[in-house]
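Right, one structure below, let's go through it.
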Amino acid sequence: MAGHTAASRRARALRAIFAAISANVGLAVAKFAGFILTGSASMLAEACHSLADTLNQGLLLLGRKRSERRESPQHPFGYGKERFFWAFLVSVFLLAGGAFVSIYKGIDTLLDPQPVEHIGWAIGILLVALFLDGMSLIVAVRSSTRRGKEGWMAYIRRTKHPEVPVILLEDSTAVTGVLVALIALGFTAITGNPMWDGIGSIVIGILLTAMALLLARETQSLLIGEAASPETQAKVRAAIAEDEAVVEIVYVRTMHLGPDELFVEAKAVMDPAMTVPDASFAIDRIETRIRERVAHVRIISIEPDVPRRNDPDRPRFEAD
């Protein structure tokens, strides 16, 4: 069942990525054509946004592929964190490739406003973009399994799988950006003042900046090493405490080596009457019990300890 769940998560994530790539490739071409036709700063901002999104989803696929490599002497814990690294680069590309160009072009339009031509074509392209981005967003929403219970932001902060949260943020920002561009071009058409177009481009750039900073913060936490969820930690502690050989748990610490790979380190006081072989058998039992209850545990390190009284220097850790 656990393997089936992990496979289902992978399938949903890949479906969301390919849906986003399919939408953004066509949108980038259409929006750049619209910019060439109209000279609209908002259209250029949206074209850069779609291009950045396309490159970003390619990076997510690259990260998934590289994370599947087997462990090596240089990387004995494997390459699971590759997915976190490439997701972090997505935020960098959004900031440099999308936000900077959008804000720069918007400021340039405010300083030297030029008439926007063929606004009807631009609005038509943006309406198609709104439909395609909306469909991609729906796929991403459906791929977030617990969204209905906890909300998008809680899901983004909780999950250890970077792909779907990245696409959720990208697509929601894309839909918002298209709406901003439509409003900006609408005011430009009504008033005849191209400065509205420049303002729209700046607003899109600010949206991209906010999303890039949010993504950077979330993926940076995963790169450093996030602990398992409180529910998973409780299962690990219970699996250790239930063994008859364990007198006391000194600490339990966990860290994600990848979205579906967990490292568990624990220290437990064992029955002092036990022999070394008995303690070894007890540790084997505990490890088996942990793996039965938490399927994605990959590496377990359990250190046996002996009772110590009145030792103020002895470490005490709650579950991370």
From the option list MET153, MET195, single residue qualifying as at pLDDT 90 or above and aliphatic (A, V, I, L, M) is MET195
* Asked: Does ARG217 fit the bill of being free of Cβ contacts under 8 Å to residues at least 24 places away in the same chain, surrounded by fewer than 17 Cβ atoms within 10 Å (Cβ to Cβ) and either part of a strand (DSSP E or B) or in the same structural domain as VAL180 (by TED's automatic domain parsing) (or both)?
  -> yes
Cβ pairs under 9 Å, 6+ apart or interchain, first in segment 47-74 and in the same structural domain as VAL166 (by TED's automatic domain parsing), second of a type in the set (Phe, Trp, Tyr) and outside any helix (DSSP H, G or I), ordered by first then second residue, are ARG66/TYR79; SER67/TYR79; GLU68/TYR79; ARG69/TYR79; ARG70/TYR79; GLU71/PHE77; GLU71/TYR79; SER72/TYR79
Of VAL236, VAL203, the only residue that is at pLDDT 90 or above and in the same structural domain as VAL166 (by TED's automatic domain parsing) is VAL203
Exactly one of GLY225, GLY258 is closer than 30 Å to THR173 by Cβ and free of Cβ contacts under 8 Å to residues at least 40 places away in the same chain, and that residue is GLY225
Please work out if ALA227 is in a loop (DSSP other than H, G, I, E, B) and either in the same structural domain as ILE119 (by TED's automatic domain parsing) or over 18 Å from GLY39 (Cβ atoms) (or both). yes
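The values are calculated or read from the model by the stated rules, or taken from the named source; none is laboratory data. Since the structure is predicted, the reported quantities are computational estimates derived from the model, not experimental observations. Cβ atoms come from the backbone with ideal geometry, glycine included; neighbour counts cover every protein chain shown.
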